[in-house]
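Accompanying notes for the structure given below.
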């Protein structure tokens with residue numbers, strides 16, 4: 001009994017010690033929700049409800065921008081000539097099929113089949129048809145065994161329609177009076193230049209001439225999903241260029257991965273007027289392929305939100321016995337409320353045939369025909385039933401022939417991939433320089449592109465921090481008071497541990513010091529520059545606040561956690577988009593901490609608040625925070641000590657930020673800070689020419705300075721802002 005009592009007492013003491021550690025602010029890592037396992041594609045993604053029409057209009061634009069930024073399409077790449085080739089028409093009874101290929105980018109081909117009504121006069125409505133993850137895509141053949149099972153289950157009726165269901169929907173829409181472009185997803189059927197999901201990519205992970213999934217590609221948001229989405233945009237361009245297409249009636253429908261492309265294209269391209277993404281939209285699994293994932297894409301949003309961005313236009317969704325099985329109860333009711341709020345409830349359709357597995361079977365195809373018949377005013381008699389058709393064989397479908405040979409040599413594989421990304425980089429760099437030049441005069445493009453991109457990447461402004469609470473203990477020694485504490489963001493429980501020094505004289509302001517090792521750097525005397533700044537500020541009777549940014553209390557870390565596709569060592573399963581598509585990177589989480597700390601400083605002082613960021617880690621973080629702080633702080637001092645995003649070597653580097661290089665790195669962040677007062681220390685490695693240019697163009701030249709050292713920091717901070 002005595003031994004049991006001792007054991008219980010010991011356990012109680014241990015619990016008290018742990019509890020005391022938490023309450024003393026030393027156990028941030030045990031309380032902060034960001035220490036939980038990373039979110040991944042298999043999580044739960046409820047719709048973010050919106051209360052008013054005006055709020056929805058703003059939210060809709062946020063969703064659209066996040067999609068485009070995530071896939072390297074913000075701003076849209078330059079549209080080059082399609083150089084479309086339409087040839088080899090195949091005649092059927094009441095429709096024709098032509099072979100099509102065109103260049104979505106110079107030398108990169110989109111391939112497909114163009115179905116047209118026969119012996120009828122246009123203009124016709126048009127439907128884009130991305131096929132999704134069915135074996136061989138446009139050449140898909142379900143085979144005799146599977147079709148027999150489908151017929152027995154009631155999913156199909158006709159052997160031909162069931163065996164070739166992808167062709168079946170194009171045939172029936174053409175018979176109903178629609179032009180249909182049934183096109184290949186990357187790496188399927190005639191799209192042979194780049195594999196759909198690469199088995200390996202590390203050999204192209206290099207600082208020059210890189211390929212998809214490399215560090216340099218992700219720093220520029222160049223990804224397989226972006227290529228697929230760009231191909232879809234250009235496919236829409238192709239359709240709109242046809243003389244017999246009615247541009248006011250353009251639809252898109254696909255299932256599985258084709259459903260992903262459907263909802264993505266519908267959300268970002270206003271030319272789509274009716275959309276039916278099948279067996280993909282849900283609050284559950286969001287899509288497992290690299291063509292369905294991109295860094296930043298599903299932070300703060302999921303597939304329900306993305307599909308909702310099409311509202312109030314006609315939208316139809318289907319569910320099956322897969323990850324969409326709960327759509328009727330989870331997600332779809334939110335869409336009903338949204339369409340009702342927008343006063344267009346009749347434009348929303350749900351089909352919940354969950355007795356069938358993942359599919360685009362006859363049951364769902366029939367609902368699709370009815371959907372387009374109604375919303376495109378086709379006037380086709382109902383009930384709509386598929387009837388016999390002669391399917392195309394592969395020889396009749398392929399776009400490559402003796403007259404039009406398939407790409408080969410440098411037009412395929414690694415050489416083509418490297419060249420494609422080189423072209424994308426050059427175009428993006430040119431566009432960003434144009435954006436910088438637009439910062440003078442009418443700043444609409446600058447604000448839309450560069451300011452908008454960084455707002456999406458960082459994902460929070462000072463106005464979005466919300467309410468905070470604090471837990472503080474203070475000790476006074478002579479004329480100096482030292483306080484230690486913790487700030488908690490009420491909305492999600494994020495915590496920042498801080499230390500504050502203040503004199504017994506009236507405060508003249510607050511200096512927030514962000515450093516590479518957090519409180520240790522400011523508290524110790526290891527770094528003379530940092531200790532000198534602290535002392536100078538205290539001599540000017542400024543309060544000095546230092547903090548441990550997220551995970552800084554553990555000391556320097558070499559990497560941040562990543563989540564990869566399990567059960568396999570294929571290269572595509574280790575795409576960084578599976579991590580950064582659902583979670584903020586460590587850099588951004590630390591920027592959020594700075595915003596929270598500024599909110600605390602605003603609560604304790606009505607004097608000017610200044611931000612000082614010193615170090616290769618802290619300097620860029622402070623620059624990013626300054627870009628989202630508006631008028632909340634007065635002066636900012638940045639010393640990045642030569643840091644450059646483009647020199648990063650690994651995806652899990654603590655400073656890795658998807659898109660950072662595309663949007664001009666630290667220099668771009670500082671440009672976004674205009675017209676607020678910023679001083680930067682240059683060591684010769686960084687000249688901050690972009691920021692200098694923007695400040696001059698925006699008439700704020702005197703508010704941006706580049707200095708060679710940290711002398712006179714207190715004088716700079718205490719001087720009045722022009």
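The table below lists the values:
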{"item": "Cα pair distances exceeding 48 angstrom across the chain, given as percent", "result": "25"}
{"item": "Residues 68, 525, 38 arranged by fewest to most Cβ contacts within 10 Å", "result": "525, 38, 68"}
{"item": "Relative contact order %, the range 406-544, counting alpha carbon pairs below 8 Å whose residues are six or more apart", "result": "14"}
{"item": "Rg in Å to one decimal, and Dmax rounded to a whole Å, for the range 59-427 via C-alpha atoms", "result": "19.6, 60"}
{"item": "Pair residue 646, residue 203: separation of 7 Å Cα→Cβ label points (nm)", "result": "2.7"}
{"item": "Using alpha-carbon coordinates, inclination of helix 618-627 to the longest axis of the chain, degrees", "result": "70"}
{"item": "Rg and Dmax of the range 246-369, Cα atoms only, in Å", "result": "13.4, 37"}
{"item": "Among 268-280, 376-388, 167-179, the order from most to least packed when residues are scored by Cβ within 10 Å on average", "result": "167-179, 268-280, 376-388"}
{"item": "Burial ordering of 706, 612, fewest other beta-carbon atoms within 10 Å first", "result": "706, 612"}
{"item": "For the chain, calculated [θ]222 nm from helices alone, where every DSSP H run of n ≥ 4 adds -39500 (n - 2.57)", "result": "-10000 deg cm²/dmol"}
{"item": "Calculated FRET value between residue 461 and residue 57, using beta carbons and R₀ = 22 Å, to 0.05", "result": "0.75"}
{"item": "Spin-label model distance (nm) - residue 476 vs residue 355, 7 Å beyond Cα toward Cβ", "result": "7.9"}
{"item": "Efficiency of FRET from Cβ geometry, residue 146 and residue 557, R₀ 41 Å, rounded to 0.05", "result": "0.25"}
{"item": "The range 456-718 - Rg over Rh from alpha carbon coordinates, Kirkwood radius", "result": "0.97"}
{"item": "Segments 399-407, 185-193 sorted - mean Cβ within 10 Å per residue, highest first", "result": "185-193, 399-407"}
{"item": "Mean separation of Cα contacts under 8 Å (6+ apart) over length of the range 456-718, as relative contact order %", "result": "17"}
{"item": "Relative contact order (percent, whole number), the range 64-132, Cα cutoff 8 Å, 6+ residue spacing", "result": "22"}
{"item": "Estimated FRET transfer efficiency when R0 is 41 angstrom, pair residue 346-residue 81 (beta carbons, to 0.05)", "result": "0.50"}
{"item": "Cα long-axis angle, helix 332-341 against the chain (0 to 90 degrees, to the nearest 10)", "result": "90"}
{"item": "Gap separating the Cα centres of the range 94-136 and the range 668-683, nearest whole Å", "result": "49"}
{"item": "The range 382-449-the range 561-585 distance, computed between alpha-carbon centres (Å)", "result": "25"}
{"item": "Among 318-331, 233-246, the order from most to least packed when residues are scored by Cβ within 10 Å on average", "result": "318-331, 233-246"}
{"item": "Ranking of 429, 569 by count of other Cβ atoms within 10 Å, fewest first", "result": "569, 429"}
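Here, each number is a calculation from the coordinates, and none is a lab measurement. This is a predicted model, so every value here is computed, not measured. All Cβ positions, even for glycine, are placed from backbone atoms using ideal geometry, and neighbour counts span all protein chains on display.
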